[in-house]
Amino acid sequence: RAEDAERLLGHLQTLLEALPAGADRPMSELPMLTEAEHKTLLSEWNATASDYPRDATFPQLFEAQVERTPDSVALVFRNRSLTYKELDHQADLLAHHLQERGVGPGVLVGIYLDRSIEMVVALLGILKAGGAYVPLDPAYPAQRLAFMVEDARTPVIITHSGLADTLPPHQATVIEVDADLEELPKGMDAHARAQASPTDLAYVIYTSGSTGKPKGVMVEHRNLVNFFAGMDERIPHDPPGVWLAVTSLSFYISALELFWTLARSFKVVLQADH
């Protein structure tokens, strides 16, 4: 194409003009970019600064959304649904339960649950308590799960009564989210205001291990909120719509599907695992 040929000629001209002053330098060190390209690559394309709530955590953003749209539907799974207010209340109950068991900033909590409303309640409860979650996908091979549980040393694991017997060996306190929440008084006031700071961990996701053993990648609340700001620039969200959430918790894009959406008043529809 003509534009490609013109760009190559510009590179050649820049290189030739640099030769007299750089005759004693390796060719790889001589400039090739034109002044216009240099400006585009280093200045214009790097002008990514934006204004966003740098001091916020995800629970704070979610709670602010609950205040704005308490009666809007937040979550749908099969024939069940929760409004923002209902989801917030259930997460508060679990957060209170977790805090009584020592969960707070810096504490890792394993989450061993299939895709369900309880899974989202567990995620929000962990984050509201100030802790950080570690996804433990029940569909993963037993050896991989055992390694992650041993490596993360989570003092608490949240699961479902139907899955508890399939957990790998562990030393953690097990919370069965369906049974434990049922035992809590429905009318109790357990509002759990966000305990974490922007520099506290939000979650730890393990890599695939394709280059060796899986490694835990640590993500802080400030990283998550920064990610939200980037998504705001790319994805239409005003007005919010309906989002089908299909991604495993063990993949980082689940943070977009479950957290960015709930901080932007979407109706999130969870696809069942099976």
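The values are calculated or read from the model by the stated rules, or taken from the named source; none is laboratory data. Because the structure is predicted, anything quoted here is derived from the model rather than measured. Heads up: the accessible areas ignore ligands, DNA and RNA and are worked out on the full protein's heavy atoms, side chains in. Shrake-Rupley method; radii C 1.70, N 1.55, O 1.52, S 1.80 Å.
Heavy atoms only, probe 1.4 angstrom, no DNA, RNA or ligands counted: give me 147, 58 ranked by accessible area, highest first. Spell out each step's value before the answer.
Details: 147 50, 58 0 Å².
Correct descending sequence by accessible area is 147, 58.
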With every protein chain present, what accessible area does residue 213 have (1.4 Å probe, heavy atoms only), rounded to the nearest 10 Å²? 140
Comparing 258, 30, 98 in a Gaussian network model of the chain (Cα, 10 Å), the one with the largest mean-square fluctuation is 30
Taking a cut-off of 16 Å between Cα atoms, list the lysines near residue 128, but don't count ones fewer than 8 places away on the same chain. 85
Taking the alpha-carbon centre of each part, the distance from the stretch 217-274 to the stretch 43-108 in Å is 11
In whole Å, what three semi-axes, largest first, describe the equivalent ellipsoid of the stretch 70-162 built from its Cα gyration tensor (square root of 5 times each eigenvalue)? 24, 17, 9
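Taking 2.2 N^0.38 Å as the expected size of a compact globular protein, what ratio does the Cα radius of gyration of the stretch 1-132 give against it, to two decimals? Kindly include the intermediate steps, with their values, before the conclusion.
Working: Rg = 27.5 Å, N = 132, 2.2 N^0.38 = 14.1 Å.
Against the empirical 2.2 N^0.38 Å value, I get 1.96 for the stretch 1-132.
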Taking a straight Cα-to-Cα line shorter than 13 Å from residue 215, and setting aside same-chain aspartates and glutamates fewer than 8 residues away, one finds 150, 151
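In the stretch 109-161, what is the volume of the convex hull around the alpha carbon atoms, normalised per residue and reported in Å³?
On the way: hull volume 3.8 nm³, N = 53.
So the per-residue hull volume is 71 Å³.
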When only alpha-carbon atoms count, how far does the stretch 126-274 stretch along each of its three principal axes, as whole angstroms with the largest first? 49, 46, 35
So the pair-distance distribution of the stretch 204-274, from every Cα-Cα distance in 5 Å bins, comes to percents of 3, 15, 22, 22, 17, 12, 6, 2, 0
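Report the Rg/Rh value for the chain, based on alpha-carbon coordinates and the Kirkwood definition of Rh.
Values: Rg = 24.0 Å, Rh = 21.1 Å.
Rg/Rh: 1.14.
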A student asked for the Cα radius of gyration and Dmax of the stretch 1-71 in angstrom ought to give 23.7, 72
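Could you give the Stokes-Einstein D for the stretch 56-210 in µm² per second, using the C-alpha Kirkwood radius, 25 °C, 0.890 mPa s?
Details: Rh = 15.8 Å.
This corresponds to a translational diffusion coefficient of 155 µm²/s.
Output the antiparallel fraction of DSSP beta bridges having both residues in the chain, as a percent to the nearest 5. Could the numbers behind the result be given before it?
Numbers: 9 of 28 bridges.
Of all bridge pairs located within the chain, approximately 30 percent are antiparallel.
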